[in-house]
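Participant: If you scroll down you'll find the structure; I have some questions about it.
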Amino acid sequence: MMADGTAETARPDSGYNFAYLDEQTKRMIRRAILKALAIPGHQVPFGSREMPLPYGWGTGGIQVTASVLGPDDRLKVIDQGADDTTNAVNIRRFFARTANVATTERTQEASLIQTRHRIPETQLQEGQILVYQVPIPEPLRWLEPRESETRKMHALSEYGIMHVRLYEDIAQWGRIANSYDYPVQVNGRYIARPSPIPKFDNPKMDMNPAIQLFGAGREKRIYAIPPYTKVKSLDFEDHPFDVETWDEPCALCSARNSYLDEIVTDDRGTRMFVCSDSDYCGQRRDAGHRGHQAPPAGLLGQTGGKENR
Amino acid sequence: MQDGQQAPLLKAEGITHNFGALRACDDISLEVFPGEVLCIAGESGSGKTTLLKVLSGRLAPSAGRVTCRSDDGLAHDLYALDESARRQLMRSQWGIVEQNPRDGLRMGVSAGANVGERLMALGQRNYGGLRATALDWLGKVEIDGERVDDLPQTFSGGMQQRLQIARNLVTGPRLVFMDEPTGGLDVSVQARLLDLLGGLVAQLDLAAIIVTHDLAVARLLAHRLVIMRHGEIVEAGLTDQLLDDPQHAYTQLLVSSVLQA
Amino acid sequence: MTVMIHSEGLSKTFTLHNQGGKSLPVLNGVDFAAEAGECVALHGPSGSGKSSLMRCLYANYKPTAGRVLVRHDGTEVDITNAHPGRIVEVRRHSLTFVTQFLRVIPRVATLDIVAEPLIQTGTPEESARTRAAELLERLRIPQALWELAPATFSGGEQQRVNIARGFALPRPILLLDEPTASLDEANRDTVIELILEARAAGAAVVGIFHDAEVRGRVADRLFSLSAQKAAA
């Protein structure tokens with residue numbers, strides 16, 4: 001963030017097509033997205049392009065964003081819940097420069113949110129699009145290395161091995177140990193990976209009013225969850241799915257219903273738990289919520305709701 | 001059976017399969033009835049493994065038809081079914097025990113999960129129930145319950161084969177296909193496996209189609225025996241009759257060539 | 001009396017394809033019958049086809065011509081052309097064949113081997129094992145051996161296990177090939193008792209008994225076979 005708390009400024013570049021990708025590529029990707037929306041949870045192959053950043057930095061998400069982005073959109077980018085991390089800043093600046101779109105850090109103001117590893121705490125609304133960056137799209141890959149075979153398994157709903165994995169967790173740890181990228185069944189049909197979001201966020205995917213799009217650049221796959229679609233986290237009757245809880249509220253905004261990051265504050269091992277969603281935390285503090293370790297008002301500067309054109 | 005009080009579980013008619021110019025199976029017809037153990041014997045290259053693959057829904061033949069009967073009494077033309085229905089049928093009605101346990105087991109997950117997988121695939125979602133069933137089946141195939149969370153990699157060859165059998169029988173199939181189930185095992189381990197198989201087949205009223213080159217295995221397990229050579233059935237019939245009074249020149253040669261079968 | 005098993009025009013010629021197609025005729029147009037409650041001893045010189053006839057009666061050999069009709073479940077089944085599955089069923093319930101040789105899956109406990117024919121036909125395991133124990137006891141197999149597999153037993157012990165197995169489930173037709181050969185006197189007497197009990201219970205017994213004394217004590221009549229001449 002800049003000193004005044006606004007999202008960083010970026011000068012539009014004139015040498016590129018709108019949102020970097022050429023129009024044919026964007027059309028191709030949009031067709032893949034439409035197909036993905038028509039078959040919720042199904043992975044659609046697409047011709048992933050070389051992007052001006054390495055794989056693993058969100059190239060799949062960026063191509064999806066570039067293809068659905070319009071001049072009137074307002075873009076928010078988060079990485080691990082925060083708007084001000086390197087990856088988020090870079091991607092936001094990339095689109096500010098190549099598409100000259102408005103950006104924001106406020107979840108409720110964004111028409112398009114690209115995310116790595118989180119779903120915002122603020123409830124998404126109809127008309128919003130959430131784009132996930134996906135490293136490995138195939139939920140069956142851990143057991144079956146052959147793409148031809150995993151495709152067949154999806155086609156025939158042969159999903160027994162997904163529960164094998166959960167079974168192994170319980171047998172080994174006494175509980176389902178998987179806490180990130182927890183597999184879901186979309187619309188009662190396809191098993192999908194929600195990307196490495198904490199399982200805390202899984203319930204937010206269910207019946208969400210927003211459009212959820214998933215882009216995997218290296219693996220060249222797009223999948224989607226249309227608005228108000230059932231998304232169920234896999235579990236056993238006697239070991240039902242549950243989410244993480246914390247003993248203490250957010251140290252800054254006292255929220256008890258948000259995902260908390262553990263932060264080490266000095267080299268003596270002192271730690272605090274704060275909201276991973278920096279926008280949510282900031283807005284709560286702006287609204288007067290104070291956590292037990294919150295600095296005096298004003299010290300942290302204004303937060304949230306910054307925009308830049 | 002001949003009197004028609006029972007319909008065959010599986011019926012093959014005119015099965016022919018070519019690998020390029022090689023004819024692996026040539027116009028083979030056979031039937032298997034409920035509760036019946038059928039052995040297909042022959043030397044290497046006689047086409048018996050190819051035939052087993054065709055019969056068990058894993059290889060579409062060049063010509064011919066395989067009809068199978070499901071629990072509900074309906075007959076299905078195996079290769080006319082779409083793949084989804086065929087795999088569903090195979091999963092719920094059949095078991096397939098591979099010669100090499102590595103092909104039939106998931107080596108990377110525990111013994112318990114190996115036994116439970118098919119139940120999970122069929123929709124069982126109770127961990128406690130799955131685990132109890134897994135332990136019960138490990139007992140049936142004489143594997144110590146203590147090993148339920150161990151990987152099959154840590155098991156001996158005989159244990160792996162028994163685990164594979166448990167994994168296949170847990171869903172109560174009516175027909176089991178086995179390719180050289182005792183192949184690659186020490187003689188004493190073979191005996192144990194034969195004992196176990198014989199017992200399970202009788203207890204569960206299973207039908208089985210077993211491919212073997214070992215006529216002694218056929219004598220001990222099979223009600224009926226089919227002898228194959230060059231992709232054709234040279235002789236078929238009641239096991240002890242075929243072994244003690246072979247009619248065909250090749251069968252006579254085969255029977256006289258082995259140590260006491 | 002009811003005829004339990006009979007053959008009509010039964011002929012058997014072995015063709016040895018791997019020895020120049022040599023033909024060995026052993027039976028020629030044999031009409032044989034055994035009724036319920038009688039014991040028929042097959043009689044004739046060595047090579048007269050006693051054993052082959054018995055094996056044809058059990059469907060262990062495939063006759064070249066003729067029929068073998070076995071009373072099973074209220075009807076007669078021609079086992080020379082019945083489906084193998086049907087023959088298995090006939091054997092399981094109606095027809096048993098006791099030889100001197102025990103052929104079983106290795107490693108199975110003696111008691112289970114004897115109890116198997118009972119369990120296979122629906123006798124509860126507990127009572128099947130009780131009956132098996134009775135027979136083993138009568139045939140003087142030491143109890144210490146019951147839980148062991150018979151592979152390491154002496155020839156005589158194996159033979160007696162086989163006899164116990166053959167008599168475990170009372171079946172209406174009993175085929176016996178030299179059941180007392182190489183048994184000591186006490187055990188021979190036990191086998192004779194078993195045969196007489198089966199006969200008294202209405203079984204048709206067909207046997208090959210080399211021992212004239214045994215034959216004299218169990219057989220109601222002899223059925224004579226004469227040696228066949230080898231075809232030119």
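Participant: How do the peptides C:64-77, A:81-94 rank, highest first, by the average count of neighbouring beta carbon atoms within 10 Å per residue?
Facilitator: Highest-to-lowest ranking by the protection proxy: A:81-94, C:64-77.
Participant: Okay, moving on. Considering amide H positions built from the backbone, and no H for Pro or chain starts, which residues 5 or more places from A:Ala251, or on another chain, come under 5 Å of its amide H?
Facilitator: It is A:Phe273, A:Val274, A:Cys275, by chain and number.
Participant: Quick query: amide H of B:Val211 versus all other amide H atoms, modeled in the peptide plane; which residues come in under 5 Å with a sequence gap of 5 or more or a different chain?
Facilitator: B:Ile40, B:Met178, B:Asp179, B:Glu180
Participant: What's the center-to-center distance, using Cα atoms, between the stretch B:154-199 and the stretch C:98-133 in Å?
Facilitator: Taking the Cα centre of each part, the stretch B:154-199 and the stretch C:98-133 sit 22 Å apart.
Participant: Moving on. Kindly list the residues of the stretch C:141-163 that lie in the label zone of C:Ala186, defined by a backbone N under 12 Å from the point 7 Å along the Cα-to-C-beta vector.
Facilitator: C:141-142
Participant: When N counts the residues of the stretch B:10-257, how does its alpha-carbon radius of gyration compare numerically with 2.2 N^0.38 Å, as a ratio?
Facilitator: Taking the Cα Rg and dividing by 2.2 N^0.38 Å, one obtains 1.01.
Participant: Next up: Suppose we look only past 46 Å in the calculated P(r) of the protein assembly as shown. What percent of the Cα-Cα pairs does that tail hold?
Facilitator: 44
Participant: Among A:Ser276, A:Asn178, A:Val231, which residue has its Cα positioned farthest towards the positive end of the charge dipole of the stretch A:163-304, with +1 placed on the Cβ of Lys and Arg, -1 on the Cβ of Asp and Glu, and the dipole taken about the Cα centre?
Facilitator: So the residue we want is A:Val231.
Participant: Which ³J(HN,Hα) values, rounded to whole Hz and listed in residue order, are derived for the stretch A:68-84 from phi using the Karplus coefficients 6.51, -1.76 and 1.60 in 6.51 cos²θ - 1.76 cosθ + 1.60 with θ = phi - 60°, glycine and proline given as x?
Facilitator: So the Karplus estimates, Gly and Pro as x, are 9, 6, x, x, 8, 6, 10, 9, 10, 10, 10, 10, 6, x, 9, 8, 10 Hz.
Participant: Give me a single rounded figure for C:15-25: the average over its residues of other chain Cβ atoms within 10 Å of their Cβ.
Facilitator: 2
Participant: Computed on protein heavy atoms with a 1.4 Å probe, what is the summed buried accessible area for the chain pair C and B, in Å² to the nearest 100?
Facilitator: In total, this chain pair buries about 2400 Å².
Participant: Near A:Gln24, within a Cβ-to-Cβ distance under 13 Å, what is the net charge of the other residues, with Lys and Arg +1 and Asp and Glu -1?
Facilitator: Result for the neighbourhood of A:Gln24: +3.
Participant: In deg cm²/dmol and to the nearest 500, what is the mean residue ellipticity at 222 nm of chain C if only DSSP H runs of at least 4 residues count, each as -39500 (n - 2.57), divided by the residue total?
Facilitator: -10500 deg cm²/dmol
Participant: Next up: Averaging sequence separations of C-alpha pairs under 8 Å and six or more residues apart, then dividing by the length of chain C, give the relative contact order as a whole percent.
Facilitator: Across chain C, relative contact order equals 30 percent.
Participant: Counting only residues 5 or more places away or on other chains, whose amide H sits under 5 Å from the amide H of B:Gly95 once H atoms are built in the peptide plane?
Facilitator: Here the answer is B:Leu175, B:Val176, B:Phe177, since their amide H atoms fall under 5 Å of that of B:Gly95.
Participant: Now for a different question. Need the C-alpha centroid separation for the stretch A:171-222 versus the stretch B:1-79, integer Å.
Facilitator: What the calculation gives is 43 Å, centre to centre.
Participant: Based solely on its DSSP helices, what 222 nm [θ] is calculated for chain A when runs of n ≥ 4 H residues each add -39,500 (n - 2.57) and the sum is averaged over all residues, nearest 500 deg cm²/dmol?
Facilitator: Rounded to the nearest 500, the figure is -7500 deg cm²/dmol.
Participant: Right, next: P(r) tail for the stretch C:102-160, what percent of Cα pairs lie past 16 Å?
Facilitator: In whole percent, the share of Cα-Cα pairs in the stretch C:102-160 beyond 16 Å is 38.
Participant: Something else about it: Tally Lys/Arg at +1 and Asp/Glu at -1 over every other residue whose Cβ is under 11 Å from the Cβ of C:Trp146; what's the total?
Facilitator: -2
Participant: For the stretch A:194-252, which whole percent of the accessible surface, found with a 1.4 angstrom probe, sits on carbon and sulfur atoms?
Facilitator: The nonpolar share, carbon plus sulfur, comes to 54 percent.
Participant: Once you keep just the Cα pairs under 8 angstrom separated by 6 or more residues, what percentage relative contact order results for the stretch A:1-243?
Facilitator: RCO, the stretch A:1-243: 25 percent.
Participant: Could you identify which residue out of C:Phe209, C:Phe153, C:Phe167 has the top mean-square fluctuation in a GNM of chain C using Cα springs shorter than 10 Å?
Facilitator: Its mean-square fluctuation being the largest, the pick is C:Phe153.
Participant: Cut-off 10 angstrom, C-alpha nodes, Gaussian network model of chain C. Which of C:Ala204, C:Ala151, C:Ala115 fluctuates the most?
Facilitator: In the Gaussian network model the winner is C:Ala151.
Participant: In whole Hz, what ³J(HN,Hα) sequence does the stretch C:75-88 give by Karplus (6.51, -1.76, 1.60; θ = phi - 60°), x for Gly and Pro?
Facilitator: Using θ = phi - 60°, the values come out as 10, 9, 10, 7, 7, 7, 9, 6, 5, x, x, 5, 5, 4 Hz.
Participant: Additional query: For a quick check, take a GNM of chain A with Cα springs below 10 Å and name the residue from A:Ile78, A:Ile176, A:Ile263 with the largest mean-square fluctuation.
Facilitator: Its mean-square fluctuation being the largest, the pick is A:Ile263.
Participant: If you don't mind, there's one more thing I want to ask. If you bin the C-alpha pair distances of the stretch A:19-177 every 5 Å from 0, what whole percents do you get?
Facilitator: Histogramming the stretch A:19-177 at 5 Å steps yields 2, 8, 15, 18, 17, 15, 11, 9, 5, 1, 0 percent.
Participant: Within 12 Å, Cβ to Cβ, of A:Arg221, how many net charges do the neighbouring residues add up to if Lys/Arg are +1 and Asp/Glu are -1?
Facilitator: +3
Participant: Now for a different question. For the stretch B:162-178, just list the computed ³J(HN,Hα) in residue order, Karplus coefficients 6.51, -1.76 and 1.60, θ = phi - 60°, integers in Hz, with x standing in for Gly and Pro.
Facilitator: 5, 5, 4, 5, 4, 4, 7, 8, 4, 8, x, x, 9, 9, 10, 9, 9
The values are calculated or read from the model by the stated rules, or taken from the named source; none is laboratory data. As the structure is a prediction and not an experimental result, all values here were calculated from the model. With ideal geometry, Cβ positions are generated from the backbone for all residues, glycine too; neighbour counts draw on all protein chains shown. The accessibility values were calculated without ligands, DNA or RNA, using every heavy atom of the protein model including side chains. Shrake-Rupley method; radii C 1.70, N 1.55, O 1.52, S 1.80 Å.
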